[in-house]
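Presented below is the structure to which this report refers.
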Amino acid sequence: MQDPWIERLSEYVDEELSRPDREALEQHLLRCTECSSAVEDLMAVRERARNLPEASVPAELWSRIESSIATGRLRSVPSQEARPERAKESGRERTGRLSLSLPQLVAACLAVALLSGAGVFALMKLSGRASRIGPTVAQAPPSGAAREGATQAQAPSRQGAEEPRSIAASNATVPATGSGAVNTTRTEATPHEEAIAELRKALARERDRLDPATVRALESNLAIIDLAIDQAKRALAADPANTYVKEHLAETMRRKVELLQRATLLASTANSEGTR
Amino acid sequence: MLAAALALLVLLASFVPQPWAWAACPTPPDAARIAGLVAAYSDDEDHDAEDDDEYGNTIPQPDTTIVVRPGVALEIENFGGEISVKTWDKDAIKIAADHSLRDKVIIERTGSAIRLKVKSRRFVPAVIRYRITAPRWMKLELSGVNTDIDIEDARGEVRAETVQGDITLKGGVGFASLSSIQGEITVTGVRGRIEASSVNQGVRLVNVVGAIFAESVNGGIVIENAESDSVEASTVNGPVTFEGLVSDTGYYRFATHNGCIDVAMPEKSNATVSLSTFSGGIDSSFPVTLKKIKSRRFQTTLGSGRAKFELESFQGTIFLRRPQEARQGCDSDDEKDKDEKDGKTKVESGDQDDR
């Protein structure tokens with residue numbers, strides 16, 4: 001059965017939920033890793049969308065819009081090279097460029113925004129589903145699990161404490177070879193890595209605005225996180241079925257993204273307020 | 001005639017109240033309203049000429065007290081120095097700032113906030129030591145760069161952010177969001193939701209009642225005597241320690257990559273405890289039954305198991321102990337093999353386990 005909250009996560013991220021719903025959902029998020037992971041993804045998408053560069057607009061656009069409003073009609077703007085043959089054929093001037101009135105432009109912008117938003121959401125849902133399925137499928141083969149269980153059953157507390165590993169066994173449809181698991185991890189980590197690469201670039205552009213001591217502290221902490229990520233990746237290569245390591249790796253990468261975001265924000269605000 | 005007009009002007013001017021007096025009036029004069037909702041003025045503008053210090057030494061400045069109506073927030077942006085905020089029962093804010101006379105503290109007053117900024121005549125960032133006494137209810141938004149921030153007994157929302165400086169929050173009620181890059185965060189005796197984050201230092205929360213979210217990268221997290229049904233604390237490089245009441249409906253999550261997790265569980269706790277580690281260990285000072293859930297994931301149930309604990313250390317030891325027992329030091333990891341005592345539970349986890 002599908003989680004009833006999953007449909008409302010977008011409203012939550014957009015801060016559109018009523019207070020009781022928001023509180024109920026927040027309680028739910030504490031316990032539901034699937035939903036909390038989806039919320040994180042949604043927030044990451046929103047953050048990335050916010051950071052998209054503004055598209056440059058041709059200088060003459062506004063004057064054209066103004067004149068369109070003034071004449072009160074949709075008017076074709078002549079284009080220098082716009083299909084002269086067709087224009088000749090039809091006997092009137094036709095161009096490949098369409099000029100719209102202001103309300104039409106606004107409507108078009110809204111439509112494009114809605115479509116791209118829906119596209120991103122659909123893509124994200126698909127990728128989220130894939131990543132959620134991934135770790136479950138890539139469980140360790142039963143033999144490995146049994147071996148591990150046998151090795152660890154030494155402590156006094158573990159007397160008779162082994163639970164049947166039915167989840168691992170029933171979902172072991174993909175052989176958890178080292179390479180397969182690493183690929184799964186890579187797929188899962190890609191959005192984080194892309195975000196990290198973009199933030200790294202942004203930070204590199206702005207880092208001169210930061211105080212050298214702050215830069216050193218940030219770099220040393222990024223190095224600490226990188227080391228943790230490296231260790232987690234190695235651990236995952238050695239133990240591909242380990243869901244804890246997968247989650248730990250994802251969380252450590254998320255932390256790196258957050259730190260880079262924070263550093264970039266710090267650098268960008270430093271411009272107006274002096275070196276930070 | 002001209003002289004008479006000038007004299008009349010001077011006489012009229014003498015009746016115009018000072019800006020701080022406007023602020024103190026329950027209804028500001030029309031002139032202030034006409035000028036807009038934003039009034040900007042300096043707290044020391046009358047003293048520049050007579051007290052100017054050519055060496056730029058820091059000299060205590062006269063206090064300014066402004067009457068504020070409920071709901072108004074205080075916003076301070078500082079570069080270097082300190083922001084110290086204490087509270088009182090009056091609906092007024094007392095502003096004192098120590099700084100070079102080459103710098104000016106600008107007090108901006110909007111409909112919803114009083115904002116303190118610095119105008120530096122040397123075009124270099126100023127160092128200001130703010131000493132503020134604010135109404136208890138006042139929302140505080142404080143930010144700095146090389147700035148320590150101290151807040152006492154605030155009952156409004158608190159947001160404090162600094163780059164190179166410590167943040168201390170003592171007493172008070174309400175939501176607090178505290179964040180530093182290079183400084184330590186210390187919270188003592190606060191009732192309310194706390195979000196505390198440091199990058200390069202630790203976070204310490206003592207006697208906090210309310211939800212806790214604490215985070216660090218290169219620092220430890222210590223939570224003592226907490227009374228909360230929602231606690232999340234995580235770091236990359238450092239230990240995490242928790243001592244407090246365990247609510248039956250609570251959720252508690254502690255995680256680190258490189259460090260130990262030390263959790264004091266009261267005797268009659270009702271909790272399901274999940275423990276995960278890759279190459280660390282698990283050590284309990286009291287008998288527990290660990291069920292293996294998945295690879296390197298264990299679970300134990302105490303009492304009815306209603307509360308939920310998630311303890312995760314990638315390569316450190318997870319300690320469970322009783323509150324009265326001494327806190328575990330992470331450096332004891334090396335000696336854990338020779339420290340087995342009666343009734344203790346120890347699980348070693350690591351790569352060798354699988355091979």
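The values are calculated or read from the model by the stated rules, or taken from the named source; none is laboratory data. Everything numeric here is computed off the predicted structure, so don't read it as measured data. Because the Cβ atoms are built from the backbone with ideal geometry, glycine has one as well, and the counts that use them run over all protein chains shown.
Given the options A:I225, A:I196, name the one that is within 11 Å of chain B (Cβ to nearest Cβ), of a type in the set (V, I, T) and part of a helix (DSSP H, G or I). From the options A:I225, A:I196, the qualifying one is A:I225. Just so you know, in the range B:136-151 the residues that are surrounded by 22 or more Cβ atoms within 10 Å (Cβ to Cβ) and in contact with a Lys or Arg (Cβ under 8 Å, 6 or more places away or on another chain) include one that is modelled with the lowest pLDDT, and it is B:V145.
Of all residues in the range B:226-254, those satisfying the criterion of being away from chain A (no Cβ under 13 Å), of a type outside the set (F, W, Y) and under 16 Å from B:Q328 (Cα atoms) are B:P239, B:V240, B:T241, B:E243, B:G244. Residues of the range B:142-182 that are among the aliphatic types (A, V, I, L, M), free of Cβ contacts under 8 Å to residues at least 60 places away in the same chain and not in a strand (DSSP E or B): B:V163, B:I181.
Within the range B:188-220, the set of residues being buried (at least 21 other Cβ atoms within 10 Å of the Cβ) and either touching a residue at least 40 places away in the same chain (Cβ under 8 Å) or more than 19 Å from A:L218 (Cα to Cα) (or both) comprises B:V190, B:I194, B:R204, B:L205, B:V208, B:I212. When the range A:199-219 is filtered for residues that are within 7 Å of chain B (Cβ to nearest Cβ) and surrounded by fewer than 22 Cβ atoms within 10 Å (Cβ to Cβ), only A:A213 remains. Taking the listed residues B:V127, B:V190, B:V163, B:V145, the one that is over 25 Å from A:D211 (Cβ atoms) and in contact with a strand residue (DSSP E or B) (Cβ under 8 Å, 6 or more places away or on another chain) is B:V190, with no other qualifying. Residues in the range B:273-288 that are part of a loop (DSSP other than H, G, I, E, B), more than 7 Å from chain A (Cβ to nearest Cβ) and among the hydrophobic types (A, V, I, L, M, F, W, C): B:F286 alone. Residue check: B:K291 meets all listed conditions (1) over 33 Å from the mean Cα position of the chain (by Cα); (2) away from every other protein chain (no Cβ under 12 Å) but one, namely (2).
Taking the range A:6-31 as the range and being among the acidic types (D, E) and either within 14 Å of another protein chain (Cβ to nearest Cβ) or assigned to a helix (DSSP H, G or I) (or both) as the test, the residues that pass are A:E7, A:E11, A:D21, A:E23, A:E26.
Yes/no per residue for (1) more than 14 Å from chain A (Cβ to nearest Cβ); (2) touching a residue at least 24 places away in the same chain (Cβ under 8 Å); (3) not small (G, A, S):
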| residue | (1), (2), (3) |
| --- | --- |
| B:I76 | no, yes, yes |
| B:E82 | yes, yes, yes |
| B:K86 | yes, yes, yes |
| B:D89 | yes, yes, yes |
| B:A92 | yes, yes, no |
| B:A97 | yes, yes, no |
| B:R109 | yes, yes, yes |
| B:V127 | no, yes, yes |
| B:W137 | yes, yes, yes |
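Within the range B:273-313, can you find the residues that are crowded, with 21+ Cβ neighbours inside 10 Å and among the hydroxyl-bearing types (S, T, Y)? Passing the criteria: B:S276, B:T277, B:S284, B:S295, B:T300, B:S313.
Going residue by residue through the range A:263-276, is there one that turns out to be buried (at least 22 other Cβ atoms within 10 Å of the Cβ) and at pLDDT below 75? Among the residues of the range A:263-276, at least one is buried (at least 22 other Cβ atoms within 10 Å of the Cβ) and at pLDDT below 75, which makes the answer yes.
The single condition from (1) at pLDDT 95 or above; (2) under 21 Å from B:E77 (Cα atoms); (3) within 14 Å of chain A (Cβ to nearest Cβ); (4) surrounded by fewer than 24 Cβ atoms within 10 Å (Cβ to Cβ) that B:G183 fails is (4). For the range B:230-272, the set of residues classified as touching a residue at least 24 places away in the same chain (Cβ under 8 Å), surrounded by fewer than 18 Cβ atoms within 10 Å (Cβ to Cβ) and of a type outside the set (S, T, Y) consists of B:D248, B:P266, B:E267, B:K268, B:N270, listed by residue number. The set of residues in the range B:301-315 that are within 16 Å of B:F242 (Cβ to Cβ) and either at the interface with chain A (Cβ under 10 Å from one of its Cβ atoms) or among the acidic types (D, E) (or both) comprises B:K308, B:E310, B:E312, B:S313.
With respect to B:V236, determine if the residue is within 28 Å of A:E23 (Cβ to Cβ) and in a strand (DSSP E or B). Taking the combined requirement at face value, the residue does not satisfy it.
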